[in-house]
Amino acid sequence: MVHYKPRSSLNCPRFTGIKTFMRLPNVQTTKDIDFAIVGIPFDTASTFRIGARFAPSAIRDMSVTVRPYHFAFKINIPDVLSGVDFGDINIVPGYIEESYQKIEEGLQPLIDNDIVAVSLGGDHSVTLPELRAVAKKYGPVALVQFDAHMDTVDTYLGKKYSHATSFRRAWEEGLIDMEHSIQVGIRSHFKTFRDIGFQVITADMVREQGIQSIGEQIRARVGKKKAFFSFDIDFVDPAYAPGTGTMEICGFSSDETVRMIRETKGIQFVGFDLVEVIPAYDSAQITSFLAANIIQEFLGLIAFNKLEDY
């Protein structure tokens, strides 16, 4: 059995070699792995700034400084998990439905083999085909969405598919279990979907109730359902993550963000994504660096659950 681990900076400098996420081996395999990092460089469903197609590369570039030890969980992730950087899915720029098909087909072998795909978007439209692939394996899953926006409008300029419509389409297609799904950090377009069934926790509610209480609500909402975690970088305040497409003020600090993610430990996540990083607007690469660390938090959650299963 092969156990895939990152290269150690004690043996070769961090700035050397082909850039993969956290220096993991670039191997396209479905054998002997617990997770796979997958780039989805599609951004032509964006409604304002574009450029998230370059995010997977930028996040990988900054991830070389991310250390594998998770201090909060006291877990050295490579000791617990075998994982690879699977590379990018070959999307079709400008053609969303064709790209959706390629994303779904690209992820399906991983999901069918019980491998957790951790995807690097891309704009938030890419989550819909991810959920389609997940639902083929698991049926409707709980959605945990950290975001400034609900992304639940019906159409944008008369079109059904954009990064603003993803979760209305997911609901219509029966991909998510609404009774167990939750949106956190919302501070725009609050009324567009509240009556359909999402539990919505606004940014103001987080500050009024506290992170620990919000964590309890997330865990209670999801329960024992299998879940998908979708993280839009605009959940974070633009002071900490300026490199994104549709900024909203009064977001969260990097510290608050990480602490909220850790509050989801124990939830049985079967997939993750991080979307909407745009390197062209990123000051000193701080958004990409934060994104890489958020992905490390996702890996920490997978490792924590694996140890708990034992």
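What to note about this one:
- Applying the Karplus relation 6.51 cos²θ - 1.76 cosθ + 1.60 with θ = phi - 60° to the range 44-61 yields 3J(HN,Hα) values of 8, 10, 6, 9, 9, 6, 10, x, 5, 4, 8, 5, x, 5, 5, 5, 4, 4 Hz, where x marks Gly and Pro.
- About its Cα centre, the range 21-309 has a charge dipole of approximately 280 debye under the convention of +1 per Lys or Arg Cβ and -1 per Asp or Glu Cβ, with nothing else charged.
- For residue 184, the residues 5 or more places off, or on other chains, whose built amide H falls under 5 Å of its own are 145, 146, 147, 201.
- Long pairs among 159/225; 136/306; 19/159; 19/136; 5/265, criterion Cα-Cα beyond 29 Å: 159/225; 19/159; 19/136
- Of the chymotrypsin sites (Phe, Trp or Tyr not before Pro) found in the range 1-100, the ones in coil according to DSSP and having at most 15 other Cβ atoms within 10 Å of their Cβ are 15, 48, 71, 95.
- Virtual spin-label span in nm between residue 172 and residue 159, 7 Å along Cα→Cβ: 1.5 nm
- Note on 159, 306: ascending count of other Cβ atoms within 10 Å places them as 159, 306, the fewest first.
- Structure-derived Rg and Dmax of the Cα atoms in Å - corresponding label in (1) 23.9, 76; (2) 17.7, 55; (3) 20.3, 65: (2)
- Residue-wise HN-Hα coupling along the range 232-243, computed from phi with Karplus coefficients 6.51, -1.76, 1.60 (Hz; x: Gly, Pro): 8, 4, 6, 4, 7, 4, x, 5, 9, 9, x, x
- Residue 39 long-range amide H proximity, modeled H, under 5 Å: 87, 88, 89, 120
- Sequence of 247, 22 once ranked by neighbouring C-beta atoms within 10 Å, starting from the fewest: 247, 22
- Among the trypsin sites (Lys or Arg not before Pro) in the range 204-273, those located in a DSSP loop and surrounded by at most 10 other Cβ atoms within 10 Å of their own Cβ are 224.
- Look at the alpha carbon pairs under 8 Å that are at least 6 residues apart: their mean separation over the length of the chain gives a relative contact order of 20 percent.
- Fewest-first sequence of 178, 62 by Cβ atoms within 10 Å of each Cβ: 178, 62
We did not get these values from a lab; they are worked out from the coordinates using the rules stated. These numbers were taken from a predicted model, which means no experiment stands behind them. So basically every Cβ, Gly included, is an ideal-geometry build from the backbone, and we count neighbours across all protein chains shown.
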